[in-house]
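The values are calculated or read from the model by the stated rules, or taken from the named source; none is laboratory data. In this text the structure is predicted, and so the values were computed from the model without any measurement. Heads up, the Cβs are rebuilt from the backbone with ideal geometry, glycines too, and the neighbour counts pull from every protein chain shown. What goes into the accessible areas is simple: the full protein's heavy atoms, side chains included, and nothing from ligands, DNA or RNA. Shrake-Rupley method; radii C 1.70, N 1.55, O 1.52, S 1.80 Å.
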Amino acid sequence: MDGLNTGYAALLLEQYLDNPTAVPAEWRELFESAPPELLRAQPGLATLLERFGNGHAAAAAAVVVVAPPAPVAAPPVPQARSAIVDEELVGGVAAAMALVKAFRMHGHLAARLDPLGSEPPGDPALEPERLVPKLTPELQARIPASLLRLHVPGATLAEALPHLRETYCGTMAYEIEHISDHEERVWLRQAIESGRYRQPLDGAERTALLARLARVEGMEQYLRRAFLGQKQFSIEGVDVMVPMLDEAIELASAGGAHEVVIGMAHRGRLNVLAHVVGRPYEVILREFEGERTIEAVVSSEEGGTGDVKYHLGAEGTRKTEAGEITVTLASNPSHLEAVDPVVEGRARAEQTDRSTRDGYHDPTIALPILIHGDAAFTGQGEVAETLNLQGLAGYSTGGTLHLISNNQVGFTTDPEDSRSTRYSSDLAKGFDIPIVHVNADDPEAAISAIRLANAYRWRFGHDVVVDLVGYRRHGHNEQDEPAYTQPLLAAAIAGHPTVRELYAARLVAEGVVPQARADELVGEVQVELKAAHEELKRTFGIEPEMAPVEHRLPATSDSIVHTAVPTERLRGLNEQLLRVPDWFTPHPKLMKQLERRREALDQGGIDWGQAEALAYASLLVDGIPVRLTGQDTERGTFAHRHAVLHDVNTGATFTPMQHLDEAVASFEIHNSPLSEYACLGFEYGYSAAAPEALVLWEAQFGDFVNGAQIIIDQFISAGLSKWGETSRLTLLLPHGYEGNGPEHSSARLERFLQLAAQENIRIVNCTTSAQSFHLLRRQALDATARPLVVMTPKGLLRMKQASSTLDDLAAGEFRPLLDDPTADRERTTRLILCSGKVYYDIAGHERRGEAEGVAVARLEQLYPFPVKQAAELLRGYPNLRELVWVQEEPQNMGPFRAIRHRLEEAKPEGVPLVYAGRPWRASPSEGYPTAHLREQDRIVRAALGLSA
Ligand SMILES: Cc1ncc(C[n+]2csc(CCOP(=O)(O)OP(=O)(O)O)c2C)c(N)n1
């Protein structure tokens with residue numbers, strides 16, 4: 001083949017495909033002799049080989065075979081067509097190309113992935129003898145491998161085929177051909193077929209790997225014997241996960257990472273805690289003994305309830321060749337996959353330099369690793385939401401290493417009942433993610449899977465999935481009998497040696513490790529654990545010395561934070577927020593609108609959007625980073641924000657908040673994808689890892705927040721009590737009854753109030769833009785970090801009465817309770833207390849004037865309830881005859897049920913507490929605007945004590 005001018009032939013073929021008359025007659029004749037389907041409409045040989053592979057390569061091969069090198073000007077004239085076309089070879093090359101393509105695409109179907117030895121389904125396309133024409137050994141020997149663009153060794157197909165089979169159908173298998181990026185596909189093929197990341201381990205590495213497997217197995221065995229029947233969710237069956245994580249951490253460190261953030265469920269967690277994160281055996285043993293650990297996060301006296309041992313997070317420092325690296329295992333609830341976006345958010349926070357204007361993002365700083373169960377990966381929609389974050393500018397973490405700990409069963413459910421797809425990993429294909437399947441009984445292959453995954457991540461910055469196919473040696477937990485539900489599987493597993501046994505036998509047989517040493521390894525860890533256990537038993541009865549508890553639960557309602565900002569500073573910031581560079585042409589109408597913010601400083605009328613912008617800007621100059629995300633948040637669902645401007649001519653964007661003269665912290669703002677669960681989880685993780693930052697997540701309408709209920713229940717509200725984990729995460733939830741129907745009215749305030757206890761969160765519904773300004777600043781500056789839930793307004797965003805003056809921002813603070821400034825205290829007999837937008841419905845009602853002796857006060861902070869202030873406010877009305885609680889929400893929703901006892905406590909004896917609001921309802925509000933108006937009017941009249 002050498003010396004033949006394939007380039008020239010390809011050129012002619014391309015010209016011929018374009019226009020058959022454009023090539024010399026002899027060439028035309030030649031091309032016409034090839035089967036027509038091989039020659040249809042193709043540009044260029046490269047694309048041709050790539051896209052239609054076999055067919056065109058065959059045509060090209062025919063050309064190559066017959067065409068001697070020749071200058072373009074004078075192509076050689078083939079002598080006789082029948083003599084020059086090697087029909088058998090042409091067909092053979094076509095079949096060979098099809099075969100190669102089949103190995104790359106479907107080789108996984110014939111791979112030996114199951115440690116328990118189940119037969120892979122195979123595929124006819126992978127069998128040379130079943131192709132047309134048959135690829136007989138003789139024909140295989142005639143097909144040059146170079147034509148097939150293979151990276152495995154071998155000069156002909158016959159020589160290359162065993163390598164190809166071993167590469168694609170061995171104990172590792174790949175799914176990469178779905179990836180739409182050509183460069184990635186080519187890189188992956190090359191990386192896989194060249195075996196670059198599958199270099200054999202040396203003797204020392206193999207011995208170390210065996211020792212590691214012995215340690216993993218030994219710990220599980222010890223715990224099972226010592227604590228018979230206790231849940232440990234043993235790792236056995238996917239033991240190699242631990243050395244895989246070791247390798248991933250080592251490689252991350254070598255690549256310059258400072259931190260590896262791991263998220264995982266129950267399975268194998270104790271082993272990972274001990275061996276990957278470095279939690280001492282004594283601590284784990286102590287937890288098994290049912291004792292609180294010396295690392296207890298929040299002591300019970302302070303209201304902490306703690307969590308079961310297989311949910312607890314931990315942080316450790318590991319020594320690697322490249323230096324020390326922090327390994328964090330995120331705390332997580334039982335809810336499978338809930339921790340995924342939390343880990344991504346944590347990693348993103350670690351990767352972000354918040355001393356820059358826009359939060360410089362360097363993904364090399366931290367590696368996120370997510371370990372999934374095979375049932376959970378397919379079943380939980382959270383996984384898809386999280387995968388969707390990987391390529392988004394505001395969420396990317398430079399690629400996550402996903403490890404499916406695939407034990408081929410979910411609790412007692414078989415894969416056939418668990419998913420509609422062949423593999424647990426199939427979802428990832430829709431996100432252009434390469435998938436590496438590996439047999440968990442081949443530890444060296446498992447290590448090489450990590451090496452390949454790591455190289456891919458570093459090269460392309462995308463997620464990668466390693467599907468570790470193993471089994472579950474015991475029941476779902478140690479109390480379960482697996483043979484009740486999977487009798488055949490259980491029997492197969494019982495007779496199957498452990499991975500440590502298999503690997504030891506292999507190393508002994510290959511003379512790498514002497515049998516005696518292999519046996520010793522198992523004993524070593526048992527001895528260590530036994531010693532640690534005995535030591536621990538000696539301390540029983542003695543309470544461990546508690547480490548100083550960081551996360552106390554102080555009363556937050558009283559803490560005073562200085563939130564006022566001097567007028568001159570506000571003026572300066574306001575001006576800078578209206579500044580755009582010369583090259584930028586904002587929308588003139590929008591600019592005009594924004595420029596009214598200048599007048600508002602002098603004339604009053606600072607609306608919500610302006611107050612919010614000034615709050616953030618003032619924090620940025622004080623060095624407090626701000627991150628704000630949500631659906632359409634850059635503009636704001638109600639077009640009140642416009643934090644990101646768009647050039648009308650070029651579409652370029654400009655964010656004034658990132659160009660403040662004196663800002664010394666980052667302002668990150670991103671429109672989020674259309675997700676609540678993953679997006680809120682991400683921000684929770686980010687805020688937990690960035691305690692100094694004000695991190696806000698905004699719902700499009702508050703109603704949608706319940707899509708993220710797991711994050712709210714399991715992390716935001718209970719995280720402090722369970723794990724000592726809290727943050728300043730702020731939820732902005734548009735709420736209020738404005739006639740938009742059942743789904744655009746309520747952020748389900750009652751749910752947050754139900755979750756509020758022990759000062760775990762703050763819940764606010766404020767009624768003026770100045771209150772909002774002070775609230776946001778307080779949230780960022782308060783020494784006590786707590787999540788904040790804000791019922792944000794819609795109509796109030798621009799309502800004149802709800803706007804504020806410059807003085808309102810330059811003085812004062814957030815006030816949890818607002819008294820009625822116009823009330824005649826002596827003459828007031830009826831005090832209305834309400835929260836949020838309904839205040840303006842009452843105060844502005846056309847018959848307000850008729851209601852004599854009525855005052856209207858506002859409860860702005862619903863939790864922690866301002867007990868002292870409420871009592872004080874009520875004392876200011878000596879002649880009260882009625883206290884009326886008014887809410888727009890139905891009686892079974894809204895604040896009433898949660899705060900009723902507070903109102904009862906605060907009111908004077910004998911004064912009845914009256915409820916005015918919607919009655920008990922199954923749906924939050926009416927669907928018809930007129931019905932809404934009627935109901936609002938009824939409520940307000942009832943509140944004011946006016947008859948119809
Ligand atoms: C969201 C959620 N639903 C249900 C459960 C109950 N549950 C606990 S483990 C489990 C099976 C998980 O199977 P798999 O993902 O394969 O992990 P494995 O336990 O096999 O490692 C189920 C259904 C849960 N923890 N979380």
Name the pairs whose Cβ atoms lie under 6 Å apart, with the first residue in the stretch 410-431 and within 22 Å of H266 (Cβ to Cβ), the second part of a strand (DSSP E or B) and within 13 Å of the ligand (Cβ to nearest atom), and 6 or more positions between them or separate chains? S418/G410; S424/I404; S424/N406; S425/I404; S425/D467
Taking the stated definitions as given, is I899 of a type outside the set (F, W, Y) and either under 39 Å from the mean Cα position of the chain (by Cα) or open to solvent by 10 Å² or more (accessible area, probe 1.4 Å) (or both)? yes
So in the stretch 340-363, with the set limited to residues that are touching a helix residue (DSSP H, G or I) at 6+ places or on another chain (Cβ under 8 Å) and β-branched (V, I, T), which one is farthest from V272 (Cα to Cα)? V342
Looking only at the stretch 665-681, count every residue that is within 18 Å of G391 (Cβ to Cβ), crowded, with 23+ Cβ neighbours inside 10 Å and among the hydrophobic types (A, V, I, L, M, F, W, C) and tell me the total. 2
Considering only residues that are of a type in the set (G, A, S) and surrounded by 16 or more Cβ atoms within 10 Å (Cβ to Cβ), look in the stretch 328-362 and name the one that is nearest to the ligand (Cβ to nearest atom). A338
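Listed here are the residues, each with its yes/no results for (1) surrounded by 16 or more Cβ atoms within 10 Å (Cβ to Cβ); (2) free of Cβ contacts under 8 Å to residues at least 24 places away in the same chain; (3) within 26 Å of L228 (Cβ to Cβ).
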site	(1), (2), (3)
Y471	yes, no, yes
P487	no, yes, yes
A490	yes, yes, yes
Y503	yes, no, no
V513	yes, no, no
Would you call A384 in contact (Cβ under 8 Å) with a residue 24 or more places away in the chain, within 16 Å of the ligand (Cβ to nearest atom), open to solvent by 10 Å² or more (accessible area, probe 1.4 Å) and out of contact with any Lys or Arg (no Cβ under 6 Å at 6 or more places or on another chain)? yes
Members of the stretch 216-246 that are of a type in the set (G, A, S) and within 31 Å of the chain's Cα centre (by Cα): S234, G237
In the set I365, I325, I404, I369, which member is under 20 Å from A248 (Cβ atoms), open to solvent by 10 Å² or more (accessible area, probe 1.4 Å) and either at pLDDT 95 or above or within 16 Å of the ligand (Cβ to nearest atom) (or both)? I365
All positions within the stretch 754-783 that are open to solvent by less than 30 Å² (accessible area, probe 1.4 Å) and under 27 Å from the mean Cα position of the chain (by Cα): A756, N760, I761, R762, I763, L776, Q779, A780
Tally time: how many residues in the stretch 606-637 are more than 25 Å from the chain's Cα centre (by Cα) and either in a helix (DSSP H, G or I) or crowded, with 18+ Cβ neighbours inside 10 Å (or both)? 16
Yes or no: the stretch 422-444 includes at least one residue that is over 21 Å from the mean Cα position of the chain (by Cα), closer than 24 Å to Q380 by Cα and surrounded by fewer than 19 Cβ atoms within 10 Å (Cβ to Cβ). yes
Does the stretch 922-934 contain any residue that is surrounded by 16 or more Cβ atoms within 10 Å (Cβ to Cβ) and without any contact (Cβ under 8 Å) to a residue 60 or more places away in the chain? no
Could you please tell me which pairs satisfy a Cβ distance under 9 Å, a separation of 6+ or placement on different chains, a first residue in the stretch 136-147 that is among the hydrophobic types (A, V, I, L, M, F, W, C), and a second residue that is assigned to a strand (DSSP E or B)? A141/T156; I143/T156; A145/T156
